[in-house]
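Report on one structure; see the data block that follows.
The values are calculated or read from the model by the stated rules, or taken from the named source; none is laboratory data. Quantities reported herein were computed from a predicted structural model and do not represent experimental measurements. All Cβ positions, glycine included, derive from the backbone under ideal geometry; neighbour counts span all protein chains shown.
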Amino acid sequence: MSMSLDGYIAGPDDRPGQELGRGGGRLFNWLDERHGPGIDGQVYAEALDTGAVISGRRTFELAGRWNGDHHDGVPIHVLTHHVEDGDVPPGTARFHTDVATCVAEARAGAGGRAILVHGAGAAQALLAAGLLDELEIHLVPVLLGGGRRLFGEDDPRVELVPVRQLQGSEATHLRYRVARPAPTTSARPGKPAPA
């Protein structure tokens, strides 16, 4: 996710015809170097090496449903609250109303490769369900002052473990592993857990 320093992944008033909101295009200037030999090219190539895509419905629609192909024909799994009768998404895209089913099918279709997640709603749903393994943030040195946030005020507390930090041309590429809480037992220290 490309994100402003104040936490926005799109500027204000994101809608068809203004998909990134007012001023939101600034978040993607780093993609100007996506085909180059530098850090931005490396990060972009990693994104395209994924074996499936999970997207939120809003992102999917604002992106014109990617005309049924996000990249290389990989399966697209779209999280949505409701599916209208007769609404068949194009290409490899499939709608899901259950987060766990969506993730299971994406993993099955990814061929052992990583899965790319698009959209704040999808990322928040996977994180809340404990099904997001890593976050990659392309932090852009701009304050948008409003728009669509990646994380909300009511999101649960989540600990993150830094994996890497790369400085690109117009973004700092940050990767974090989502820390899983250690399993707890009801045993007291020095006593074995009940069998």
### Task
Considering only the stretch 50-102, state which residues are acidic (D, E) and over 16 Å from the mean Cα position of the chain (by Cα).
D69, D72, E84, D85, D87, D98
### Summary
Those residues of the stretch 85-115 which are surrounded by fewer than 16 Cβ atoms within 10 Å (Cβ to Cβ), among the hydroxyl-bearing types (S, T, Y) and in a loop (DSSP other than H, G, I, E, B) amount to T97
#### Entry: Residue among L126, L131, L144 that is in a loop (DSSP other than H, G, I, E, B) and either of a type in the set (K, R) or within 18 Å of G56 (Cβ to Cβ) (or both)
L131
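Every residue, every condition in (1) loosely packed, with under 14 Cβ neighbours inside 10 Å; (2) at pLDDT below 95; (3) aromatic (F, W, Y); (4) under 26 Å from T172 (Cβ atoms), yes or no:
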{"residue": "D14", "(1), (2), (3), (4)": "no, yes, no, yes"}
{"residue": "R26", "(1), (2), (3), (4)": "no, no, no, yes"}
{"residue": "Q42", "(1), (2), (3), (4)": "no, no, no, yes"}
{"residue": "L62", "(1), (2), (3), (4)": "no, yes, no, yes"}
{"residue": "I76", "(1), (2), (3), (4)": "no, no, no, no"}
### Message
Within the stretch 85-101, does at least one residue satisfy the condition of being basic (K, R), more than 29 Å from G145 (Cα to Cα) and either touching a Cys at 6+ places or on another chain (Cβ under 9 Å) or modelled with pLDDT of 95 or more (or both)?
### Response
yes
### Query
In this structure, does S169 turn out to be modelled with pLDDT under 95, surrounded by fewer than 18 Cβ atoms within 10 Å (Cβ to Cβ), under 30 Å from P37 (Cβ atoms) and not charged (D, E, K, R)?
yes
### Task
Pick out, from the stretch 1-72, the strands (runs of 3 or more DSSP E) lying fully within it that include 2 or more residues that are within 15 Å of V142 (Cα to Cα).
2-4, 8-10
